[in-house]
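Undergrad: This is the structure I have questions about; it appears just below.
The values are calculated or read from the model by the stated rules, or taken from the named source; none is laboratory data. These numbers were taken from a predicted model, which means no experiment stands behind them. Cβ coordinates were reconstructed from backbone atoms using ideal geometry, including for glycine residues, and neighbour counts include every protein chain displayed.
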Amino acid sequence: MSRVAYICFGMCLLAGCAKDTQPPVTVNATQSPSPTAIVSAAEAKVAFDSADSLTKALERRWPLAAIRTYCIPERRHNDGSQNLVAFSPVWKGILYSGVATGFDRIAWYASTRNGRVDQYSLGAYRGNDFWLLEIGDENTLQSAPEYSPNPSNQRFVGHK
């Protein structure tokens, strides 16, 4: 092998581009979501210290299978129902950035107080459709999310 080839091979290994031998995981939208990551009060407190920490906590809390379970047409957000009105400074984050999710984006925004998240709103967007997954605070992370609420609730467009 030439010297250039050894250098390229070494750089590839250092950059972590070695071929992954694990098969890709396929998630079917009809599969039930994986178990919920309920966190302790201490873990919830840490999650609210930075935008990156909250993004990671929400990704654990809301696996893609759970978001797909929630996001049926009948559960789209009813615009007559209030979403979070955030006060400044507002922090934002994107869940599953760089991953093909089937949504335009899965994003959160939050009000902050004293340099920490106070309350957040998490939603999924596809075209003109919007699903408000939850509005929450530190206590919310300590309980299980509702992945499949009754679509007849007035907060959804599918209510009758």
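Undergrad: Which of the residues that make up region 50-73 are in contact (Cβ under 8 Å) with a residue 40 or more places away in the chain, touching a strand residue (DSSP E or B) at 6+ places or on another chain (Cβ under 9 Å) and hydroxyl-bearing (S, T, Y)?
TA: T55, Y70
Undergrad: On to the next question. A65: of a type outside the set (S, T, N, Q) and closer than 26 Å to V157 by Cβ, yes or no?
TA: Yes; evaluated as a whole, the condition is true for this residue.
Undergrad: Quick one: what pairs do we get from region 138-160, first residue assigned to a loop (DSSP other than H, G, I, E, B), second surrounded by fewer than 15 Cβ atoms within 10 Å (Cβ to Cβ) and among the acidic types (D, E), C-beta under 6 Å, 6+ apart or different chains?
TA: The qualifying pairs are P151/E74; G158/E74.
Undergrad: Condition first: exposed (fewer than 13 other Cβ atoms within 10 Å of the Cβ) and touching a Cys at 6+ places or on another chain (Cβ under 8 Å). Now tell me which residues in region 90-140 satisfy that.
TA: None - no residue of region 90-140 is exposed (fewer than 13 other Cβ atoms within 10 Å of the Cβ) and touching a Cys at 6+ places or on another chain (Cβ under 8 Å), so the list stays empty.
Undergrad: Does at least one position in region 66-76 carry a residue that is outside any strand (DSSP E or B), touching a His at 6+ places or on another chain (Cβ under 9 Å), at pLDDT 95 or above and over 26 Å from V46 (Cβ atoms)?
TA: Yes, some residue in region 66-76 is outside any strand (DSSP E or B), touching a His at 6+ places or on another chain (Cβ under 9 Å), at pLDDT 95 or above and over 26 Å from V46 (Cβ atoms).
Undergrad: Turning to a different aspect of this structure: Evaluate the following for T112: is it assigned to a loop (DSSP other than H, G, I, E, B) and more than 14 Å from F130 (Cα to Cα)?
TA: Here the answer is no, as T112 does not meet what is asked.
Undergrad: Tally time: how many residues in region 94-109 are over 20 Å from S148 (Cα atoms) and part of a loop (DSSP other than H, G, I, E, B)?
TA: 6
Undergrad: Collect the residues in region 54-93 that are within 17 Å of E146 (Cα to Cα) and of a type in the set (S, T, Y), keeping them in residue-number order.
TA: T69, Y70
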